[in-house]
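Here the structure comes first, spelled out in C-alpha cells, and everything after it is commentary.
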Amino acid sequence: MTTSAAMFLLDVLLVALVWPFAVWFTLPAGATWPAVLVVAPALLHPAANLLFLYALGLYRRDAILETRKSLGRIPLVVGMGALTAAAGGWLLRLMLPPGPHADPARLFVLAVVCFAFCGLAARLLLALLRRRALFRSRLMVVGAGRRAWDLVWMLRNEGSSLHYEVTFVHDPAHGEIDPRLAQDKAHRIVTGGGDMLAVARAIQADQIVVAPDERRGMALEGLIACKTAGYPVRQYMGFLEKEIRRIDIKRLDLTWVLYSDGFYFGLLDRVLKRLLDIAVSLVILLPAAPFLLLAMLAVWAGDRGPVFYRQARVTRGGRQFRIVKLRTMRVDAEARGAVWAAAGDSRITRVGNFLRRTRLDEVPQLFNVLKGEMSLVGPRPERPEFIDELARELPLYNERHMVKAGLTGWAQVNYPYGASLDDARSKLSYDLYYVKNFSVVFDLLILLQTLRVVLWPSGVR
C-alpha cells in the first residue's frame, strides 16, 4: 500500500467514525433514522472535505513528508469543503420535497469542528506510524549498476512509499557495481547471483525489479522460480513508471514503449473528453467574466497597448493554432525574436506579474478550448520555434502531440514552470506518462489538483 493510499484510508476511517455522531445532533425532533431528507445534505460534507483534501495536495508525497505543512492547510481545506457542501445542501433542499431537514447552520459548525479534528488527527497518526516504519516496501532489485542507482535515487525522492528496504542481487555478468551503491550502507548487496528465490523468501520481498545494466545473457530461471512462487516480477521501466508516476527519460527503453500497454485513445474517450472540455470551460467562463473584463481594462490602462496576446503554438498532430492570452509583457518583448522566459523576466509588466500569479492571463485560452484547438488537460502548448530543437534533443518528444495541448496538465501540476532544455526534459517525462495513461478520470484528477497550483503558484514566471 502506498503512503498516499494509507493517508486517504485514515481520513475515510476517522470521518466514518466521527461524522455520524455529529449528524445525530442536527436531527430535528421526530425524524427517523436514516431518513433520506435528513441524511442526504449531510453526506455532502464528508464528500466535499475529501475532495478538497485531494485538490489542495494533502495526499501528495511532499505534504505527507512535511506534517507541519499539511496541518497548516487543514483550516483552508475544512473551510472550503464546508462552504461548498453548504451551498450544495441548499440547492439539494430546494429540489427535495418538504420534510424534516437537518439544521444547516448547526451542520456547518459541526462539519468545521469534526473535519478539522479528523484531518489533524489523521496526519498526526500517520506521522506516528511512519516513525515506526509501518509503511515500508521490501524490494529485491536484480542488478547493482548505474541503472539500479538511478532507481534508488528516484525512489528516495519521488517514490509512492516513503520507506524502501532494498536488497540488490548482482551477477558480475551484469556489469560493475556502482560505487555509490557500494558505499551506501542503507542497502544490502548479494553478489554472485545466487538463489534468487531463497533471497526473496529471506527478505520477504514485496516485489522484484529487474534492473541490470547489461541484460544480454541474463539467466531467467531464478526469476521464473520467483514468479511461480508468487512474487511479482517487474521490469525497471514499468515498475518506476508506477512508483513515480512519470517515465524515466534518461533510461528510456523504446522496446518497452513498443510492447507496454497505453498510448491508445478510443472514440468514447475522445467524445467524453470533448464534452468535459466544453462543460467545464463554460462553468469557469461565466463567473470569471467580470474579473476578465477588469483584467482587460488593467492591461490596457498599463501602457495603452493591445489587451490580448496571440501567438502560434502546436497542438495535436503537430497542427499550429493561435493561442489567446491576456498580454503580460511589454509590446516590444520579442522585438529580437523568440526567447525562453526567465525568472524575474524584465519584460513582464507590473499588471502582467499579477495576472500571471493569479492565472487570470490564462482565462482567454478557454475560448481556444471551446473552438477545439486545445483541451483543458494536456501537454503545455509549445511554440513552433522551439519544437524542432526539442525534438532533436529529446526522445519521443513529438509523441506528446498525440493529444491536444492543454490549459493544465500532469506536468504543470507536478513540475514548476521552467523554460530550458533540462526543464523540457523533466516535463516530457510527465507528458509521456499522461499520454500513455490517458483517461477522462485522470483528466478530472488533474483538474482538481490544478486548484493547488492556483492557490500556491510555486515556480510561476
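Which helices pass in the chain if a helix is a full DSSP H run, must span at least 20 angstrom along its long axis by Cα, and must have mean Kyte-Doolittle hydropathy not below 1.0?
3-24, 36-55, 104-131, 267-303, 440-455
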In this structure, the FRET efficiency calculated for ARG357 and ARG201 from their beta-carbon separation, with R0 = 45 Å, to the nearest 0.05, is 0.25
Placing +1 on each Lys and Arg Cβ and -1 on each Asp and Glu Cβ in the chain, then taking the dipole about the Cα centre, the residue among ASN398, PRO306, PRO41 whose Cα reaches farthest towards the positive end is PRO306
In vacuo Debye sum over C-alpha of the chain, base-10 log of normalised intensity I(q)/I(0) at q = 0.11, 0.13 Å⁻¹, listed in q order, is -1.06, -1.28
Using alpha carbon positions and the Kirkwood radius, the Rg to Rh ratio of the stretch 147-189 is 0.96
Within the chain, excluding any GluC sites (Glu not before Pro) found in a DSSP loop (not H, G, I, E or B) and having at most 13 other Cβ atoms within 10 Å, the longest uninterrupted segment runs 177-333
Magnitude of the Cβ-charge dipole (Lys and Arg +1, Asp and Glu -1) of the chain about the Cα centre, nearest 20 debye, reported as 920
Taking only the alpha-carbon atoms of the stretch 267-455, the convex hull volume per residue, in cubic angstrom, is 115
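At a threshold of 8 angstrom on Cα-Cα distance, excluding pairs fewer than six apart, so keeping six or more, what relative contact order does the chain reach in percent?
13
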Contact order relative to length for the stretch 136-244, counting C-alpha pairs under 8 Å separated by 6 or more residues, stands in percent at 35
Taking a ≥ b ≥ c as the square roots of the Cα gyration tensor eigenvalues, with a/c under 1.5 meaning rounded and otherwise prolate when a/b beats b/c or oblate if not, the stretch 376-424 comes out oblate
Between the alpha carbon centres of the stretch 362-432 and the stretch 203-275 the gap in Å comes to 24
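Compute the relative contact order of the stretch 202-244 as a whole-number percentage, counting only Cα pairs closer than 8 Å that sit 6 or more residues apart in sequence.
52
Here is the link list: LYS250/LYS371; LYS185/LYS250; LYS185/LYS242; LYS227/LYS436; LYS69/LYS371; LYS185/LYS227. Which ones come out longer than 32 Å on Cα distance?
Beyond 32 Å between Cα atoms: LYS250/LYS371; LYS69/LYS371.
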Those trypsin sites (Lys or Arg not before Pro) from the stretch 74-174 that are DSSP loop and have at most 12 other Cβ neighbours within 10 Å turn out to be ARG132
Across the alpha-carbon set of the stretch 136-244, Rg over Rh with Rh taken as the Kirkwood radius works out to 0.92
Given the candidates VAL209, PHE168, LEU139, the one whose Cα lies deepest towards the positive end of the charge dipole of the stretch 136-244, counting +1 at each Lys or Arg C-beta and -1 at each Asp or Glu C-beta, is LEU139
Note to self, the chain gives a 222 nm [θ] from helices alone (DSSP H runs n ≥ 4, -39500 (n - 2.57) apiece, / all residues, nearest 500) of -17500 deg cm²/dmol
Quick calc, the stretch 136-244, dipole around Cα centre from Cβ unit charges on Lys, Arg (+) and Asp, Glu (-), nearest 20 debye, gives 200
The local net charge around ALA111, scoring Lys/Arg +1 and Asp/Glu -1 for residues other than ALA111 whose Cβ lies under 15 Å from its Cβ, equals -1
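Here, each number is a calculation from the coordinates, and none is a lab measurement. Not measured: the values here are computed from a predicted model. Here the Cβ is made from the backbone with ideal geometry for all residues, glycine too, and neighbour counts use every protein chain on show.
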